[in-house]
Amino acid sequence: GNVRRMARVGIYFLMGSFGAAFGYTVMARMSLLIGRFDELIVYATPEYGYATIIVLGLVTIGLVWWEKKPGP
């Protein structure tokens with residue numbers, strides 16, 4: 001009866017709060033990602049010596065070297 005209805009309302013409140021917390025986490029991570037991309041775009045200008053492009057190249061070369069090195 002009434003206990004079951006109250007339990008169901010409680011379940012819906014929990015579902016809503018967990019969904020809101022998850023949504024907040026996802027949006028916070030997206031905000032951090034957008035900020036990081038903004039910084040990378042700024043540092044890809046000649047004013048900073050094309051730092052983003054140089055670091056991207058070094059990381060790519062390092063990853064290729066890591067894959068090509070002989071294993072143990």
Against the definition (among the aliphatic types (A, V, I, L, M) and at pLDDT 95 or above), how does I61 come out, yes or no? yes
Is the stretch 41-48 home to any residue that is in a helix (DSSP H, G or I), at pLDDT 95 or above and open to solvent by less than 70 Å² (accessible area, probe 1.4 Å)? no
Quick one: which of F13, F37 is aromatic (F, W, Y) and more than 27 Å from the chain's Cα centre (by Cα)? F13
If you go through the stretch 14-23 one residue at a time, do you hit one that is open to solvent by less than 100 Å² (accessible area, probe 1.4 Å) and either among the basic types (K, R) or assigned to a loop (DSSP other than H, G, I, E, B) (or both)? no
Among the residues of the stretch 62-72, write down those that are open to solvent by 90 Å² or more (accessible area, probe 1.4 Å) and in a helix (DSSP H, G or I). L63, W65, W66, E67, K68
Could you grab the pairs with beta carbons closer than 7 Å, sequence gap of 6+ or different chains, first residue in the stretch 47-68 and closer than 18 Å to F37 by Cβ, second one surrounded by 10 or more Cβ atoms within 10 Å (Cβ to Cβ)? Y50/A44; A51/Y43; T52/L40; T52/Y43; T52/A44; I53/A44
Please specify each residue of the stretch 49-61 satisfying the condition of being open to solvent by less than 90 Å² (accessible area, probe 1.4 Å) and in a helix (DSSP H, G or I). A51, T52, V55, G57, V59, T60
So R4 fits all but one of (1) part of a helix (DSSP H, G or I); (2) surrounded by 10 or more Cβ atoms within 10 Å (Cβ to Cβ); what number is the exception? (2)
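The values are calculated or read from the model by the stated rules, or taken from the named source; none is laboratory data. Nothing here was measured: the structure is a model prediction, and the numbers come from that model. Please note: Cβ atoms are built from the backbone with ideal geometry, for glycine as well, and neighbour counts cover all protein chains shown. All accessible areas refer to the heavy atoms of the entire protein, side chains included, with ligands and DNA or RNA removed. Shrake-Rupley method; radii C 1.70, N 1.55, O 1.52, S 1.80 Å.
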